[in-house]
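Here the structure comes first, spelled out in structure tokens, and everything after it is commentary.
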Amino acid sequence: MKPICNAIGKTNCGTRACILVVLYAAAAISLPAQIFTTLHSFDGADGVTPIAGLVQGLDGNLYGTTVSDGANQRGGTIFKITPGGTLTTLYSFCVQEGCPDGKFPYSGLVQATNGNLYGTTYRGGANDLGTVFAITPAGARTTLYSFCSQSGCTDGAYPEGTLVQYGGAFYGTTSGGGANGPSGTVFKITPSGALTTLYSFCSQANCADGEEPGAGLIQATNGNFYGTTETGGANCTAPGCGTIFQITPAGTLTTLYSFCSLPGCSDGGIPVAGLVQGTEGAGYLYGTTQAGGDHAVGTVFKIGVGGGSLSTLYSFCSQTGCADGSYPNGGLVQDTDGVLYGTTTYGGACPSSSGCGTIFKIRPTGGLTTLYNFCSQGECPDGEIPDAVLVQDTNGSFYGTTNYGGADLGGCSSGNGCGTVFSLSVGLGPFVKTLPASGPVGTAVEILGSNLTGTTSVNFNGTAAPFTVVSNSEITTTVPAGATYGLVQVVTPTAILSSNRPFPVGP
């Protein structure tokens, strides 16, 4: 099969999507006290290649996208799936001639506080250079913006990353376009579709500020956004390298780190995934690189939110045959115990020369454990080539996707499966999440969880808050006067549930 960049017209062959190849069968090793479940195998009609991660909705379901196929001209789909595995296709892209509704949704979705979901498509729209869209949980989709609506595409083109909501608006990146040529942008867009370009990359000599921010942004507890660029930086004389950057909500950008600072890029290169902020209180960011490291197939790294020195926590392919995995393209998620989890697109205990991919965990101090090797059975019914970040559901389990494999190998043109949705339980207990993740006193907050019916109290770091139980998976509340930085706690008839991250109180 062709790399997906050729198959669907993706022009940037330095990104994660371009290293997809067809791999074959194998064996896997699963550690005790873990339960891996293939929840759904795509069959072509309901989509192909779910390259992005999932998001938990207020209704308790998971939502995601597929890049290709579906009902209309291989434009991709939006789907929802229950934690038990029942999948519903909410929308198939490219329903109109010329695909003004968008096509190829490379990014995942974000659940907004208004109950709708928001995302981007890499192509399609009025100018065939990508869109921002909104969709209701019932499947009513609206195009909010078509990129390259300005002369020279100064507003950006080819959005790949997931959006983040802050202050009633959404923030994101484009991997192309901008005021300095095809180098990418950071943008802000309102729910009504008014877009503002906050920054155009390659604004500095030799693109020392980076180029091609393919991943989405995260917002740290200090209120600033953080992200990565796949190329550029102060040390780059050829395609590759990349940067870590900070940008304020007003658009002031600071480059925190330029990769390939060490000989042979042993510090890593090409950070295609986004970042995650640690919960340990010291202000660290964690991420992965697609290349570089001691064996040139990727790393896990740690850096302070203020920049400074970068620590390489792990270099992949440190075990014989890359049994520990290679090319960690999906990024990381931190669990309620502070451990980081991720996937590698290749490597693992699989007969393929490249490997079929793994799930791993790593502590903030280092020390990697491989939890699961994909393609554990002949013809890979459990999936292969996981390329997206995992999500931890409030029931405690992790959920993710694979690009290929699955039980139905006859429904896709590749003959190697259309991809899967899977879950992995590692014995972690339930918790709650908040939307938004921070806010001043008086902010309306949605609390996501499981088995919330009958809740008797809600507090922000010990300060009681008024609340309304909307459903078994949703509570509405407001940040109470006197609340301080700390965990949100929900008391139900059967459990005391704490939030997975501290809630910063303030602007």
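Nothing in this text is a laboratory measurement; each read-out follows from the coordinates by a stated rule. All values derive from a computational prediction rather than experimental measurement. Because the Cβ atoms are built from the backbone with ideal geometry, glycine has one as well, and the counts that use them run over all protein chains shown.
Note down the magnitude of the dipole of segment 237-373 about its Cα centre, charges +1 on Lys and Arg C-beta and -1 on Asp and Glu C-beta and zero elsewhere, to the nearest 20 debye.
With Lys and Arg at +1 and Asp and Glu at -1, about 80 debye.
Fewest-first ordering of 97, 211, 446, 379 by other beta carbons within 10 Å of each residue's beta carbon gives 97, 379, 446, 211. In this label model, residue 89 and residue 453 are separated by 3.3 nm, measuring between points 7 Å along each Cα→Cβ vector.
Net charge around residue 477, counting only other residues with Cβ within less than 15 Å of its Cβ (Lys, Arg = +1; Asp, Glu = -1)? Write down the numbers at each step before the final one.
Details: positive: 433; negative: 446, 474.
Every neighbour counted, the sum reads -1.
Treating only the Cβ atoms of Lys and Arg (+1) and Asp and Glu (-1) as charged, compute the dipole magnitude of segment 4-425 about its Cα centre; round to the nearest 20 debye.
Numbers: 11 positive and 25 negative charges, 79 e Å.
Around 380 debye, computed over segment 4-425.
Using C-alpha pairs under 8 Å with a sequence gap of at least 6, the mean separation divided by the residue count of segment 270-406 gives a relative contact order of 16 percent. Sorting 398, 259 from the fewest to the most surrounding beta carbons within 10 angstrom yields 398, 259. The residues packed around residue 334, meaning those with a beta-carbon under 11 Å from its beta-carbon, carry a net charge of 0 if Lys and Arg are +1 and Asp and Glu are -1. For segment 319-365, the alpha-carbon coordinates run over 35, 18, 12 Å along the three principal axes, in decreasing order.
In plain terms, if you count all Cα to Cα distances in segment 433-498 and split them into 5 Å steps from zero, the share in each step is 4, 19, 36, 26, 12, 4, 0 percent.
Placing pseudo-labels 7 Å out from each Cα toward the beta carbon at residue 318 and residue 481 gives an inter-label distance of 5.3 nm. Cα centroids of segment 272-320 and segment 337-374: 14 Å apart.
Relative to one another, the C-alpha centroids of segment 175-208 and segment 246-266 are positioned 16 Å apart. Considering the options 466, 407, 139, tell which one lies farthest towards the positive end of the dipole of the chain, charges being +1 on Lys and Arg and -1 on Asp and Glu at the Cβ, about the Cα centre. Farthest towards the positive end: 466.
Over all other residues within a Cβ to Cβ distance under 15 Å of residue 312, the charged ones net out to -1, with Lys and Arg as +1 and Asp and Glu as -1. Its DSSP H runs of at least 4 residues, each contributing -39,500 (n - 2.57), put the calculated 222 nm mean residue ellipticity of the chain at 0 deg cm²/dmol, to the nearest 500. My understanding is that a pair violates if its Cα-Cα distance is over 29 Å; which of 103/433; 188/433; 188/302; 188/361; 80/361 do that in this structure? Beyond 29 Å between Cα atoms: 103/433; 188/361. In plain terms, the residue of 260, 418 with the fewest other Cβ atoms within 10 Å comes first and the most crowded comes last, giving 260, 418. Distance between the 7 Å Cα→Cβ label points at residue 224 and residue 37: 4.2 nm. In nm, what is the difference between 0.36 nm times the number of residues separating residue 464 and residue 337 and their Cα-Cα distance? 43.3 nm is the gain from fully extending residue 464 to residue 337. Taking only the C-alpha atoms of the chain, Rg followed by Dmax gives 21.0, 60 Å. Projecting the Cα atoms of 369, 284, 92 onto the dipole axis of the chain, where Lys and Arg carry +1 and Asp and Glu carry -1 at the beta carbon, places 284 farthest toward the positive end.
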